[in-house]
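Computed from the coordinates by the stated procedures, all read-outs in this text should not be read as laboratory data. This one's a predicted model, so the numbers in the text were calculated from it and none came from an experiment. Positions of Cβ are generated from backbone atoms using ideal geometry, with glycine treated the same way; all protein chains shown enter the neighbour counts.
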């Protein structure tokens, strides 16, 4: 598989993009908070059809926003800019973690362009979690607490991770400015992913980590939105596409086929 890297003009700066494959229905991948497009490398290497990954503003190799806007709705504009620049008229959109909210926001506003929507371990809508459970996160994001808080916060989501996954995830976390991570996270406090999915009429699939589903309990997204097709993977961390790429790719293939979005090369 040949990978091609370039940059495109986004709403607030240059966005780093990697493309691979040819033909078929394109698949556009969106990473999570403090992530990079390289977290989707195994999926892009696997797919035969055209695939695209990008670094969201302020993350990876993409430019920061001078105005400091890093919410999921802001980042959805980055997705649109990449799709437009690369001529993706209709495509499958797949997000991970924070990227699920980004993808859901884009799909809700552009349903005619999104053939199918994929969610990689989306977790719950933070808006529906009781405030008492959110308080430690709100406190940890404060400037005086952030440095001591951030690694422990991500460590809790890296249980079961492969060593290479842990190294890559923590490396990108440390490299991402605090204001980017905090801005992205705080935007989720009022994000209702379920409401976004109600606005998107196309097929939705969820590849979730067993540990995340257990943590979410009744707030797990697929329980609150029954139409979501769900595959649960065990023995993986929140970054399941990196921990178990073969299992993730097999689930992705199945969902693409069911949505009529598999490669037709």
Between the stretch 12-26 and the stretch 94-143, the Cα center-to-center distance that results, in Å: 22 Å
Springs between alpha-carbon pairs under 10 angstrom, Gaussian network model over the chain: which of 22, 135, 167 fluctuates most? 135
Among 47-55, 194-202, the order from most to least packed when residues are scored by Cβ within 10 Å on average: 47-55, 194-202
Hey, what number do you get for the chain at 222 nm if only DSSP H runs of n ≥ 4 count, each worth -39500 (n - 2.57), divided across all residues, to the nearest 500? -12000 deg cm²/dmol
For the chain, with a Gaussian network of springs between Cα atoms less than 10 Å apart, report the residue from 157, 242, 134 with the top mean-square fluctuation. 134
Rounded to the nearest Å, what's the spacing between the alpha carbon centres of the stretch 39-86 and the stretch 197-265? Just the number, please. 20 Å
The chain, Gaussian network, Cα under 10 Å: of 64, 210, 147, the residue fluctuating most is 147
